[in-house]
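Structure first, then comments.
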Amino acid sequence: EAGVAQSPRYKIIEKRQSVAFWCNPISGHATLYWYQQILGQGPKLLIQFQNNGVVDDSQLPKDRFSAERLKGVDSTLKIQPAKLEDSAVYLCASSFSGGVSTDTQYFGPGTRLTVL
Amino acid sequence: DAKTTQPNSMESNEEEPVHLPCNHSTISGTDYIHWYRQLPSQGPEYVIHGLTSNVNNRMASLAIAEDRKSSTLILHRATLRDAAVYYCIPRGSNYKLTFGKGTLLTVNP
């Protein structure tokens with residue numbers, strides 16, 4: 001089965017510019033996650049969708065970050081305007097249900113963002 | 001979320017067993033213990049999970065202490081492809097995966 005797809009794989013922008021990342025989850029997975037991984041740290045959850053509704057966005061910096069999951073399938077994460085500290089790998093993951101402790105999350109390869 | 005303690009790094013030789021420890025003394029009785037790993041330049045991937053009894057799958061074994069305050073991920077014969085960061089994650093009632101810094105495993109040929 002196809003895995004989680006993300007694009008682009010790499011992006012370099014100047015600070016104060018905007019950027020968008022795209023994610024296509026595994027077919028049939030109801031739950032989609034966006035994580036931020038700063039170099040040397042583990043991934044940090046930014047936002048979780050259940051179908052096309054937001055379940056948890058408590059760690060999303062809403063003044064500059066936004067995300068949507070129209071039609072409950074693919075998703076876009078946007079940063080506007082970007083700051084230097086946003087340099088990180090942005091990971092998308094999906095899972096079948098999301099509401100159980102045994103649910104497995106499947107991760108995409110990530111998008112490496114560099115803000116200059 | 002339960003706090004975890006893992007070694008920052010470990011080394012192993014190829015084809016030897018590896019035991020990766022994790023302390024999670026504040027784990028609650030219903031938290032599953034999940035292990036994920038992250039190979040270089042890739043997203044994390046699921047390895048194994050368990051609640052109380054030991055678990056085996058094609059990738060690894062998970063040994064859980066009787067008091068559940070610690071667990072050990074066992075790779076029976078390490079290969080170069082097992083070099084990765086290994087994350088131990090107690091998963092609670094909010095179902096979140098909260099990643100720490102994990103253990104960087106180096107496998108020597």
At most 15 other Cβ within 10 Å, DSSP loop - GluC sites (Glu not before Pro), chain B
B:Glu14, B:Glu15, B:Glu66
Longest chain A segment clear of trypsin sites (Lys or Arg not before Pro) sitting in DSSP loops (not H, G, I, E or B) with at most 13 other Cβ atoms within 10 Å runs A:17-61
Top of B:Pro21, B:Pro40, B:Pro90 by mean-square fluctuation, Gaussian network on chain B, Cα under 10 Å:
B:Pro40
Only sites in a loop by DSSP and with at most 16 other Cβ atoms within 10 Å count here; which trypsin sites (Lys or Arg not before Pro) in region B:1-84 make the cut?
B:Lys3, B:Arg58, B:Lys69, B:Arg77
Checking the cross-link filter: which aspartates and glutamates have an alpha carbon closer than 13 Å to that of A:Lys11, excluding same-chain neighbours under 8 positions apart?
A:Asp86
Can you compute the label reach from B:Ser28? Point 7 Å from Cα along the Cβ direction, backbone N cut-off under 18 Å, restricted to region A:39-67.
A:56
Take the alpha-carbon positions of chain B, form their convex hull, and give its projected area averaged over all directions (one quarter of the hull surface) in nm².
6.2
Pick from A:Ser101, A:Ser66, A:Ser75 the residue whose mean-square fluctuation is largest in a GNM of chain A, springs joining Cα atoms under 10 Å.
A:Ser101
Which of A:Gln50, A:Gln41, A:Gln17 fluctuates most in a GNM of chain A (C-alpha springs under 10 Å)? That residue is A:Gln41
Counted charge near A:Val115, where neighbours are those whose Cβ lies closer than 12 Å (Asp, Glu -1; Lys, Arg +1):
+3
Divide the volume of the convex hull of the Cα atoms of the protein assembly as shown by its number of residues and quote the answer in cubic angstrom per residue.
121
Tell me the net charge near B:Val18. Cut-off is 12 Å between Cβ atoms, B:Val18 excluded, with +1 for each Lys or Arg and -1 for each Asp or Glu.
-3
Checking the table A:Lys83/B:Lys3; A:Lys44/A:Lys71; A:Lys15/A:Lys71; A:Lys44/A:Lys78; A:Lys78/B:Lys69 against a 28 Å threshold on Cα-Cα, which pairs fail?
A:Lys83/B:Lys3; A:Lys15/A:Lys71; A:Lys78/B:Lys69
Can you say what percent of the DSSP beta bridges in chain B, counting only those with both residues inside, are antiparallel? Round to 5.
85
What ³J(HN,Hα) values, in whole Hz, does the Karplus curve 6.51 cos²θ - 1.76 cosθ + 1.60 give for region B:38-49 when θ = phi - 60°, with x put for Gly and Pro?
10, 6, x, 6, 10, x, x, 10, 5, 10, 6, 8
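Readers should treat all values here as calculations from the given coordinates under stated rules, not as data from a laboratory. Just so we're clear, the structure is a prediction, and the values are computed from it rather than from any experiment. Quick reminder, even Gly has a Cβ in these numbers, built from the backbone with ideal geometry, and neighbours come from all protein chains shown.
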